[in-house]
Amino acid sequence: MRRVLIACPLLALWAAGCSGGSTATISDSGPVLGTIPWTAPEQATYSVSQGDTMGTGTFSILAGDNSLVFNQKFDIPANQVTDEVTVETDPTTLAPIKVDRTTVDVDPDINRTCEATYGDGNVTVLQKEKDQKHTDTVSVPTTHYDAWTDLFLWRTLNFSEGFRTRYTDVLSCNPRKSEVITVVLEVKGRESVTLPSGAYQAWHLKVDSGGSTQDAWYNVDPPHVLIKYDNGAQTFQLTSVQ
C-alpha cells in the first residue's frame, strides 16, 4: 500500500498523472478562474482514506510577498509517509510561479524532492531521489494552471447547474513525468452531503481528464470550501476549517 500512496500520492489528484494522461489539445484555458472567494490565511483539514489506510490532509492558503501560496500536506501514520507540496502563484490570476514538493518515507530510498519553476512559455522540473537527478522542460500555453492548485482553483468557479468548461493544466512534480493535459469540468448541480463533521449543501463538480473521472463537492456558500473529494483511489472528507 505504501508504494501506491507514493506513486500516486494522496494529493496528486490525477489518476491520469499515474496512468499516462493525455496531451492537452487546447492552446489556452477556458473561463475557469472566477471570483476568488477566500481570505488568507485559511486552513482546512481532511480525513483521507484509501481502502483501510487512513491519513490526514491539511490545505492551507497563505499570503506571500506579492504572491498567493497554496500548501497541501498529507500524513499517513501507519506507513510513516508524509507528502507536502507548496505552490507559489500570482495572487490575481493564480498563474503558477514555483512548485516545491517533498515526499518523506520511513524507507529513505523512497524519499524524493521536486522543484518546478515556471518561465516564459515553459516549466522546468528538477526531481531528486537518492543520488539521482532528473530534469524535464515542458512547453506551456499562455494561460495555464498547475495541477497542484486545482482543488483551490475550482473554488473560484461561477457555480451554476450545467456550467461546463475546459482548461489547460500542467502536471508538474509528477513521479513519472511532467506533462500538459486538458481538464473538463461540469457542475452537476446541488446535493446534500453528510459527513462526520456535519451536513452540507454542496455543488457537485464532475472532473474529466485523460480518461480519469473524479468528483468534488464544494460548499454552496462562499468561500466554497472543499467538502469532499473522490479521485477513484482516495477519498477526502472535511473535518474542520478555520
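The values are calculated or read from the model by the stated rules, or taken from the named source; none is laboratory data. Because the structure is predicted, anything quoted here is derived from the model rather than measured. With ideal geometry, Cβ positions are generated from the backbone for all residues, glycine too; neighbour counts draw on all protein chains shown.
Tabulated results
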read-out	value
Single residue of K206, K188 found to be surrounded by fewer than 17 Cβ atoms within 10 Å (Cβ to Cβ), under 19 Å from F236 (Cβ atoms), under 16 Å from the mean Cα position of the chain (by Cα) and among the basic types (K, R)	K206
Counted residues, segment 28-70 - those being of a type in the set (S, T, Y) and either out of contact with any strand residue (DSSP E or B) (no Cβ under 6 Å at 6 or more places or on another chain) or free of Cβ contacts under 8 Å to residues at least 12 places away in the same chain (or both)	3
Segment 22-55, subset in contact with a Leu (Cβ under 8 Å, 6 or more places away or on another chain) and outside any loop (DSSP other than H, G, I, E, B), residue modelled with the lowest pLDDT	T53
Residues within segment 113-127 that are surrounded by fewer than 15 Cβ atoms within 10 Å (Cβ to Cβ), modelled with pLDDT of 95 or more and out of contact with any Ser or Thr (no Cβ under 7 Å at 6 or more places or on another chain), tallied	1
Cβ-Cβ under 7 Å pairs, at least 6 apart or on other chains, segment 157-178 side within 17 Å of A95 (Cβ to Cβ), far side charged (D, E, K, R) and not in a strand (DSSP E or B)	T168/D28; D169/D150
Condition check for T135: without any contact (Cβ under 8 Å) to a residue 60 or more places away in the chain and touching a Leu at 6+ places or on another chain (Cβ under 6 Å)	yes
Segment 56-111: number of residues that are crowded, with 19+ Cβ neighbours inside 10 Å, in contact with a Leu (Cβ under 8 Å, 6 or more places away or on another chain) and of a type in the set (A, V, I, L, M)	7
